[in-house]
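> Handing you this structure, nothing more for now.
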2 protein chains.
Amino acid sequence: MHDIIFALNQQKGKQFLQKITGKQPQFVCTLGTTETAKIPGISAAGANPEITDYTPPADIELLLLGKCKCINGVPVTPDGIPTPALVTMSALKLADVSVLPVNAGLRVLPQVPFLELGAKPGKDIRTGRAVENAAEVLERAKVAGQILSKSVDYLIVGESIPGGTTTALGVLLAMGVNGEGKVSSSMPSNPHDLKTKTVEEGLKAVGAEAGGFKDDPLGAVSCVGDPMMPAFAGLVLGAAERVPVLMAGGTQTTAVLAVVNGLNPKVLGNVAIGTTRWIINDQTSDIRGIVSQIADVPILAADLDFGGSQFSGLRAYEAGVVKEGVGVGGSTIAAMVKSEGAVTKQKMLEEVERNYEQLLSSKPNTN
Amino acid sequence: MHDIIFALNQQKGKQFLQKITGKQPQFVCTLGTTETAKIPGISAAGANPEITDYTPPADIELLLLGKCKCINGVPVTPDGIPTPALVTMSALKLADVSVLPVNAGLRVLPQVPFLELGAKPGKDIRTGRAVENAAEVLERAKVAGQILSKSVDYLIVGESIPGGTTTALGVLLAMGVNGEGKVSSSMPSNPHDLKTKTVEEGLKAVGAEAGGFKDDPLGAVSCVGDPMMPAFAGLVLGAAERVPVLMAGGTQTTAVLAVVNGLNPKVLGNVAIGTTRWIINDQTSDIRGIVSQIADVPILAADLDFGGSQFSGLRAYEAGVVKEGVGVGGSTIAAMVKSEGAVTKQKMLEEVERNYEQLLSSKPNTN
């Protein structure tokens, strides 16, 4: 009925969709930064590495206000391809779903309300001391998840953190999950060697080996992770005891899944991963291969297709640019489910094109 | 059916109760500080004036964690009477309702998740420059209210700000509402003269007169208000377009009501004030007399009665200490409505006594 692909654990995936049918979600978006994103060649989430600090706050301003305040225009890749927040914005509009931003280690704060958890910007994982106060952030995020789970039907948790697939690889390897060559990239050609080398440097800096943090998820995050992870994991741990939680994102979510699984696997019966067709069809990564090693949770993928778009900036998504981010897949799935299938991949493309056109024609703000 | 008193606009009050029956609320608690609270004799929300900075964060920690982290024990008045947060905690437990804290100008941050709106601690209103960025905070709070209104059934908005009745008097007088001798106090003897003198100094400092900010609610707040007000008002303005909003509190809420009424009176059809019997029966204040001057909204009062308590600290509430704060009345009303009357005044007293006993017997934390 829906343009949703059951990419892993089909039966559980269908059960999850049943659970959220007829329900109103709250989208919660964890926003962080890591100095790791500034290693040349790691991230395309910004026109250049230095500007990646502005990408998450700009993304969330776009979602909440329909325009960015902390930058002119909207975030783009170095080739000018627009931020995935544009797609998320379109899905949330169609579904009439709201976003609650979470400061999960931002360097630049957005000019909108956000949930504060005491997270600090992440350091370069090559130091082996990537996240300062992971336990504290996790604890507060858990309380936040509990708070929300008492008043909302279900949660979609998404993320925006440039460099996030490299830190994800870090936590996966540190916890003994084979993620090498399996995490995705916002670039068509995936710099796997650079990512692996970066992670290895981080582990080496604290004298650890791959698998050395097998039973210590917070240790893995603190060493080679990023501040988005304890925030995201805490929200899942706090909320999923009571309501379904859709973990929205690409291979970054697998590191969070490993953390959640390591701390309280029981909640995972109420959890699914929601991503995009671009991720599950990606030849340079393998989200199924990672998740299968961790836990028996379903992967759902929004069957988005921008191949027929009139805009080259959107057609580029079909060539493997961007792929995911800011909860594109999860929010699209929510829109499709809430509309009982009325929101199709075609309807999504039309809405994305409409919003893209508006953004292109609007004057840069002068704030 | 319920132990709820219709204190003003009975018919609209009944309609409001009908609207929220069978619904699950989110309690949102705005937490602020103002240097005004440190004027000797103004506030009893803390054992001494300097400690009032710790009262709101300690209150919210108590609500979320069942104990305070930023202070030992729990907040008390100079006479050792326990914080009203104890009563709110009991109501929320009985109703299984969660609290979302909002930083509405705190000087000391709580060690729990909270919504950040960019508010700064309030200055002494005698300067005539009480709140720095009222418009910005109002705008962000409005967005927050809109966010929440899309995923929750209805909102209860409460407050904790020591010195709040004096700043309330400030905004009322500045906007031409006769609040003199009408705002309440956390002390049995209400220092009306001191409050009026304090407000007059503030107005004089900017060359304004009573009523000088009649059509400028944000001007009134900026001059002689406090940072809780734009946060609270923004939440109401953003949420009440879509869901019912119960403004929880005593005479502080009337200043917020004046601000909301001045900015968008249309939303008030979805608004009620929820307070306590201690406020509406208070001989030293007149909440009905203030509200009647502003708008046609109902006042509901939780018919709480601690006269039969075994604890002198609770019986003191009947002598006019505390009366309201941290959404005591609103949260109790919500518990009564949600339980379809099963939560009675007697049941509330039992729960409050149980929690009070636990707090008295628990060791002070050593954080």
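> With the structure loaded, tell me whether B:L359 is surrounded by 16 or more Cβ atoms within 10 Å (Cβ to Cβ), modelled with pLDDT of 95 or more and of a type in the set (A, V, I, L, M, F, W, C) or whether it fails that test.
Values: surrounded by 16 or more Cβ atoms within 10 Å (Cβ to Cβ): yes; modelled with pLDDT of 95 or more: no; of a type in the set (A, V, I, L, M, F, W, C): yes.
No, not satisfied.
> To continue, here is another question. Name the pairs: first residue in the range A:43-55 and farther than 17 Å from A:L86 by Cβ, second residue part of a helix (DSSP H, G or I), Cβ to Cβ under 6 Å, at least 6 apart or on different chains?
Short answer, once both residue conditions are applied: A:S43/A:A37; A:S43/A:T52; A:P49/A:K38; A:T52/A:A37.
> Identify, please: which residue in the range B:1-17 is assigned to a helix (DSSP H, G or I) and among the hydrophobic types (A, V, I, L, M, F, W, C) and is, among those, surrounded by the fewest Cβ atoms within 10 Å (Cβ to Cβ)? Give the derivation first.
Filtering the range B:1-17 down to residues assigned to a helix (DSSP H, G or I) leaves B:10-17.
Filter once more, keeping what is among the hydrophobic types (A, V, I, L, M, F, W, C): B:16-17.
Numbers: B:F16: 27, B:L17: 21.
Among those residues, the one meeting the criterion is B:L17.
> More than 30 Å from A:A135 (Cβ to Cβ), of a type outside the set (A, V, I, L, M) and in contact with a Ser or Thr (Cβ under 9 Å, 6 or more places away or on another chain): which single residue out of B:S151, B:S160, B:S185 fits that description? Before the answer, list the steps.
Details: B:S151 fails: more than 30 Å from A:A135 (Cβ to Cβ); B:S160 fails: more than 30 Å from A:A135 (Cβ to Cβ).
Result of the check over B:S151, B:S160, B:S185: B:S185.
> Is it the case, given these coordinates, that B:E201 is acidic (D, E) and either surrounded by 24 or more Cβ atoms within 10 Å (Cβ to Cβ) or in a strand (DSSP E or B) (or both)? Don't jump to the end; show me each part of the working.
Details: acidic (D, E): yes; either surrounded by 24 or more Cβ atoms within 10 Å (Cβ to Cβ) or in a strand (DSSP E or B) (or both): no.
Judged against the criteria, B:E201 is not a match.
> Can you name every residue in the range A:149-162 that is farther than 25 Å from A:V108 by Cβ and not aromatic (F, W, Y)?
Kept after step one, since they are farther than 25 Å from A:V108 by Cβ, are these residues of the range A:149-162: A:149-155.
Hits for the range A:149-162 are A:S149, A:K150, A:S151, A:V152, A:D153, A:L155.
> On to the next question. Within the range B:338-367, which residues are in a helix (DSSP H, G or I) and either small (G, A, S) or closer than 22 Å to B:N281 by Cα (or both)? If you could, list the steps in order and put the result at the bottom.
Start the filter on the range B:338-367 by keeping residues that are in a helix (DSSP H, G or I), which leaves B:338, B:345-361.
Hits for the range B:338-367 are B:K345, B:Q346, B:K347, B:M348, B:L349, B:V352, B:S361.
> Can you name the residue in the range A:155-166 that is in contact with a strand residue (DSSP E or B) (Cβ under 6 Å, 6 or more places away or on another chain) and of a type in the set (V, I, T) and is also farthest from the other protein chains (Cβ to nearest Cβ) among such residues? Steps first, answer last, please.
Initially, the range A:155-166 is screened for residues in contact with a strand residue (DSSP E or B) (Cβ under 6 Å, 6 or more places away or on another chain), giving A:155-160, A:163.
Imposing the further condition that a residue be of a type in the set (V, I, T) reduces the set to A:156-157.
Values: A:I156: 10, A:V157: 13 Å.
Among those that are in contact with a strand residue (DSSP E or B) (Cβ under 6 Å, 6 or more places away or on another chain) and of a type in the set (V, I, T), it is A:V157.
> Just to be sure I understand the filter: pairs with C-beta atoms under 6 Å, separated by 6 or more residues or on different chains, first member in the range B:142-154 and facing chain A (nearest Cβ under 7 Å), second member of a type outside the set (S, T, Y) and in a loop (DSSP other than H, G, I, E, B). Which pairs pass?
Once the first residue is facing chain A (nearest Cβ under 7 Å) and sits in the range B:142-154, its partners that are of a type outside the set (S, T, Y) and in a loop (DSSP other than H, G, I, E, B) give B:V143/A:V112; B:V143/A:P113; B:A144/A:P113; B:S151/A:Q24; B:S151/A:V152.
> Could you check the range A:64-89 and list, in sequence order, the residues that are assigned to a loop (DSSP other than H, G, I, E, B) and either of a type in the set (K, R) or in contact with a Leu (Cβ under 9 Å, 6 or more places away or on another chain) (or both)? Outline the logic, then answer.
First pass over the range A:64-89, keeping only residues assigned to a loop (DSSP other than H, G, I, E, B): A:66-75, A:77-81, A:83-84.
Result: A:G66, A:K67, A:C68, A:K69, A:C70, A:G73, A:V74, A:P75, A:I81, A:T83.
> Which condition does B:A135 not pass, out of (1) over 25 Å from B:D79 (Cα atoms); (2) in a loop (DSSP other than H, G, I, E, B), if it passes all the others?
Every listed condition holds for B:A135 apart from (2).
> Name the residue, out of B:E61, B:E50, that is part of a helix (DSSP H, G or I), over 18 Å from B:G330 (Cβ atoms) and within 14 Å of another protein chain (Cβ to nearest Cβ).
Values: B:E50 fails: within 14 Å of another protein chain (Cβ to nearest Cβ).
Residue meeting the stated conditions: B:E61.
> How about the range A:243-270: which of its residues are over 27 Å from A:A335 (Cα atoms) and in a loop (DSSP other than H, G, I, E, B)?
If the condition is that a residue be over 27 Å from A:A335 (Cα atoms) and in a loop (DSSP other than H, G, I, E, B), then A:N264 is the only one that fits.
> Moving to a separate point now. Among the residues of the range A:78-136, what is the count of those that are within 11 Å of another protein chain (Cβ to nearest Cβ), out of contact with any Phe, Trp or Tyr (no Cβ under 8 Å at 6 or more places or on another chain) and surrounded by fewer than 22 Cβ atoms within 10 Å (Cβ to Cβ)?
Final tally of qualifying residues: 5.
> I'd like to verify a number: residues in the range B:90-109 that are in a helix (DSSP H, G or I) and hydroxyl-bearing (S, T, Y), how many? Steps first, answer last, please.
Restricting attention to the range B:90-109, the residues satisfying the condition of being in a helix (DSSP H, G or I) are B:90-95.
Now drop any that are not hydroxyl-bearing (S, T, Y), which leaves B:90.
Final tally of qualifying residues: 1.
> Given the residues B:P188, B:P217, B:P230, which is the only one that is within 20 Å of B:D53 (Cα to Cα) and not aromatic (F, W, Y)?
Working: B:P188 fails: within 20 Å of B:D53 (Cα to Cα); B:P217 fails: within 20 Å of B:D53 (Cα to Cα).
Every option except B:P230 fails the conditions.
> Tell me which of these A:S184 doesn't satisfy, since it passes every other one: (1) polar (S, T, N, Q); (2) assigned to a helix (DSSP H, G or I); (3) under 16 Å from the mean Cα position of the chain (by Cα).
(2)
> Of everything in the range B:21-39 that's touching a Leu at 6+ places or on another chain (Cβ under 9 Å) and more than 16 Å from B:M228 (Cβ to Cβ), which residue is nearest to the other protein chains (Cβ to nearest Cβ)? Full working, then the answer.
Taking the range B:21-39 as the starting set, the residues that turn out to be touching a Leu at 6+ places or on another chain (Cβ under 9 Å) are B:25-33, B:39.
Keeping just the survivors that are more than 16 Å from B:M228 (Cβ to Cβ) gives B:25-26, B:39.
Working: B:P25: 7, B:Q26: 4, B:I39: 30 Å.
Here the residue is B:Q26.
> Quick check: is even one residue across the range A:170-177 over 25 Å from A:P56 (Cα atoms) and either within 14 Å of chain B (Cβ to nearest Cβ) or in a strand (DSSP E or B) (or both)?
Pass one, the range A:170-177, residues over 25 Å from A:P56 (Cα atoms): A:173-177.
Cutting the leftovers down to either within 14 Å of chain B (Cβ to nearest Cβ) or in a strand (DSSP E or B) (or both) gives us none.
Within the range A:170-177, none of the residues are over 25 Å from A:P56 (Cα atoms) and either within 14 Å of chain B (Cβ to nearest Cβ) or in a strand (DSSP E or B) (or both).
> Something else now. Could you check the range B:17-51 and list, in sequence order, the residues that are within 23 Å of B:A141 (Cα to Cα), of a type outside the set (S, T, N, Q) and either at pLDDT below 95 or under 19 Å from the mean Cα position of the chain (by Cα) (or both)?
B:P25, B:F27, B:V28, B:C29, B:L31, B:G32, B:E35
The values are calculated or read from the model by the stated rules, or taken from the named source; none is laboratory data. Bear in mind the structure is a predicted one, so any value in this text is a computation, not a measurement. Positions of Cβ are backbone-derived with ideal geometry, glycine not excepted, and every protein chain shown enters the neighbour counts.
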